[in-house]
Amino acid sequence: MELNSLRQFLVVARLEHLSGAAEELRVAQPSLSRTIARLESELGTPLFERSGRLRLNDAGRLFRDHVERSLGELDAGRRAVAEAVSEGVGTVRLASETFLTLTGPLAAFKRAHPTIEIELRWMAAEDMGRHLRAQDVDLCVASQPISAEGLEAVQLLDEPVGLGTPVDHPLSGRTSVSIDELVDLPFVSARKGHWQRRLLDRLFAARDHTPKIVCEVDEPSAIAALISAGLGVGLVPAFARMSPARVAGVWVPVDNPDCRRAVTLYWGTGGHLSTAARLMRATIANWNWITGEPQEKR
């Protein structure tokens, strides 16, 4: 099997769309179809369901996981050799659901290590375990648990999540609110799968309610701005109140012990963690989230 064929397979597996994959890879669709057909012939089994929309089948998912890990090991070997030969510290690849929380440690890291390149990638938490094992990224920061084998983790912060309201909202002067009081309110929320949306759905489901979503956004950092503009209310972590990019609005505590988020740093146990990645891990893990400065190593 040629490496290029395997890399093309991963794109098709990710998009589950031949024409879209051909466009991204800048190859002719018939040529890409033949590549996938050759792989299936070598393996002796189809990798995709072709009834209607193209979808990975069980064999395809199994093969994808092995290909990702194999190509990840190859790329890790190349980076390790380049690092050893150049005596440099190279590049660190960091994925997160949102980078608003990480602006402090990222800025401090860049000041301390200006020659290290930082690659940032937005990633859904449900995809992080697979990409860490495949060594597509070095580190991941998630605000919800990642259930995958072969990972190590350190919790960065555990904080309350409150209700963000416009300054003139009837609840803005309250010292706390209950979930029952929020049932009929219009919510600005992240899309399904994001930690904030999962928390909102879970809190309401526990009271046999469904939140009224009037605005669903792809960029969670926009939620506070949309709340301040009067489009609705929303769940906002306590950390956001300290952000330099904070916009006008009111943060009201939610009277529920489960209305919290835990932010965790993850990395893989089986691969080579580069010098750059180890330095980034230390910076993030040892960051003081209250003062916004580095703290003693832990």
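Quick note: the coordinates plus some simple rules give every number you see, no bench work behind them. Given the structure is predicted, the values throughout are model-derived calculations rather than measurements. Reconstructed Cβ throughout: ideal geometry from the backbone, glycine too, with neighbour counts over all protein chains shown.
Just the number, please: Stokes-Einstein D of segment 60-162 in µm²/s, Kirkwood Rh from C-alpha pairs, 10 °C, 1.306 mPa s.
Translational diffusion coefficient: 104 µm²/s.
Stokes-Einstein at 10 °C, 1.306 mPa s, Kirkwood radius from Cα pairs: D for segment 157-261 in µm² s⁻¹?
This corresponds to a translational diffusion coefficient of 118 µm²/s.
Tell me the angle of helix 195-205 to the major Cα principal axis of the chain, expressed in degrees between 0 and 90 and rounded to the nearest ten.
On a 0 to 90 degree scale, this one is about 60.
With r as the distance between the Cβ atoms of Asp201 and Val154 and R0 = 25 Å, compute the FRET efficiency 1/(1 + (r/R0)^6) and round to 0.05.
0.35
Taking the Cα centre of the chain as origin and charging only Cβ (+1 Lys, Arg; -1 Asp, Glu), how large is the dipole, in debye to the nearest 20?
It works out to roughly 260 debye.
Length gain on complete extension for the stretch Glu16 to Ala107, per 0.36 nm per residue less the alpha carbon to alpha carbon distance?
So the chain would gain 29.1 nm between Glu16 and Ala107.
Residues in segment 213-244 near a label at Asp168, defined as backbone nitrogen under 19 Å from the 7 Å Cα→Cβ point?
Under cut-off, by backbone N: 225-234.
Which of Trp267, Trp195, Trp122 moves most in a GNM of the chain, Cα contacts under 10 Å?
Between Trp267, Trp195, Trp122, it is Trp122 that shows the largest mean-square fluctuation.
Can you give the net charge of the other residues whose Cβ lies under 14 Å from the Cβ of Ala22, counting K and R as +1 and D and E as -1?
+1
How high is the FRET efficiency from Ser178 to Ala229, r the C-beta distance, R0 25 Å, rounded to 0.05?
0.50
Note down the magnitude of the dipole of segment 3-65 about its Cα centre, charges +1 on Lys and Arg C-beta and -1 on Asp and Glu C-beta and zero elsewhere, to the nearest 20 debye.
Details: 10 positive and 8 negative charges, 20 e Å.
Approximately 100 debye in magnitude.
If you take the charge dipole of the chain about its Cα centre, with +1 on Lys and Arg Cβ and -1 on Asp and Glu Cβ, which of Phe63, Ser33, Thr98 is farthest toward its positive end?
With unit charges placed on the Cβ atoms, the residue in question is Ser33.
How far apart, in nm, are the 7 Å Cα→Cβ label points at Asp75 and Asp208?
A separation of 4.9 nm, rounded to one decimal place.
Per-residue HN-Hα couplings for segment 158-164, Karplus 6.51 cos²θ - 1.76 cosθ + 1.60 at θ = phi - 60°, whole Hz, x for Gly and Pro?
10, 9, x, 10, x, 9, x
I'd like to know which of Ala22, His131, His169 lies farthest towards the positive end of the charge dipole of the chain, counting +1 on Cβ of Lys and Arg and -1 on Cβ of Asp and Glu.
Highest projection toward the positive end goes to Ala22.
Which ³J(HN,Hα) values in Hz, rounded to whole numbers, follow from the phi angles of segment 45-57 under the Karplus curve 6.51 cos²θ - 1.76 cosθ + 1.60, where θ = phi - 60° and Gly and Pro get x?
Result, rounded to whole Hz: 7, x, 9, 10, 8, 10, 8, x, 6, 5, 9, 5, 9.
Can you quote the Å³ per residue value for the convex hull of the Cα atoms in the chain, rounded to an integer?
169 Å³
What is the list of residues in segment 1-33 whose amide nitrogen lies under 17 Å from a point 7 angstrom out from the Cα of Glu42, following Cα to Cβ?
1-13, 31-33
Would you mind computing, in nm to one decimal, how far apart the modelled labels at Leu62 and Thr91 are, each placed 7 Å from Cα along Cα→Cβ?
Spacing of the two 7 Å Cα→Cβ label points: 3.3 nm.
Bin width 10 Å, alpha-carbon pairs only: give the P(r) of segment 171-230 as whole percents, running from 0 to the bin holding the largest distance.
With 10 Å bins starting at 0, P(r) equals 21, 53, 26, 0.
Which whole-Hz couplings ³J(HN,Hα) result when phi for each residue of segment 59-66 is put into the Karplus expression 6.51 cos²θ - 1.76 cosθ + 1.60, θ = phi - 60°, listed in order with x for Gly and Pro?
5, x, 5, 4, 5, 4, 4, 5
Which is the longest stretch in the chain that no exposed loop site breaks, taking sites as GluC sites (Glu not before Pro) with a DSSP loop state and at most 16 other Cβ atoms within 10 Å?
150-295
Based on the Cα atoms of segment 3-65, what semi-axes does the equivalent ellipsoid have, where each is the square root of 5 times one gyration tensor eigenvalue, given in whole Å with the largest first?
Semi-axes from the Cα gyration tensor: 16, 13, 11 Å.
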